[in-house]
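Accompanying notes for the structure given below.
The values are calculated or read from the model by the stated rules, or taken from the named source; none is laboratory data. The structure displayed is predicted, hence computed values, not measured ones. We place every Cβ from the backbone using ideal geometry, glycine too, and count neighbours over all the protein chains shown. Just so you know, the surface numbers come from the protein's heavy atoms only, side chains and all, with ligands and any DNA or RNA stripped out. Shrake-Rupley method; radii C 1.70, N 1.55, O 1.52, S 1.80 Å.
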Amino acid sequence: MTGGNDRAARLRELRERTRLVPGSREASVCAGMYESFGRLNREVLRLCTDWQVRPGGALNDHTDAAYDWSVIDRLTAVDQRAGPLLRRLGETVPRFAPYVDRLRSARQRVVDGEHDWFTSPRVDSYHTVWMELHEDLLAALGLARER
């Protein structure tokens, strides 16, 4: 087997080990969360774009505090809606429980003025944690990412 085939096999094995048992209570609760997640995901992706790029296509240099706060306020609203869903999921499937605190921590750091904590891949930013959550939900339900 070549290195690429080994990696593909390891990824398939990992997805199978992290998949919830189809038809189980855990899978049912996770599927319910995933239905709500789609709407929230679109909002988070829009927020990340708005954080990085201003209306009209100019890069956001973060010199307009009013604009930045409007995006942060929207992030806070999405986070407040996601929190209860994630808490319920975490109570049923414990591996999802840490996402609430990780997302809140990243959001708080953004509120405190640490801009990297919104979208940077170098830290446990809101976007980074959100994308990890998305991958975990897909793996738990045995779904493929939509292209």
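Shape analysis of region 1-105 places it in the oblate category; the axes a ≥ b ≥ c from the Cα gyration tensor give an a/c of at least 1.5, with a/b not above b/c.
Helix 25-52 and the longest principal axis of the Cα set of the chain meet at an angle near 30°. Please label the shape of region 76-147 as rounded, prolate or oblate, based on the square roots a ≥ b ≥ c of the eigenvalues of the alpha-carbon gyration tensor (a/c under 1.5 means rounded; beyond that, a/b larger than b/c means prolate, else oblate). Oblate is the answer for region 76-147, as a/c is 1.5 or above yet b/c matches or exceeds a/b. Classify region 5-60 as rounded, prolate or oblate, taking a ≥ b ≥ c as the square roots of the eigenvalues of its Cα gyration tensor: rounded when a/c is under 1.5, otherwise prolate if a/b is larger than b/c and oblate if not. Here region 5-60 falls in the oblate category. Loop-located GluC sites (Glu not before Pro) in region 111-147 (DSSP state not H, G, I, E or B) with no more than 12 neighbouring Cβ atoms inside 10 Å: GLU146. Counting Lys and Arg as +1 and Asp and Glu as -1 over every other residue whose Cβ lies under 14 Å from the Cβ of ARG54, the net charge comes to -3. Share of carbon and sulfur in the accessible area of the chain stands at 52%, probe radius 1.4 Å.
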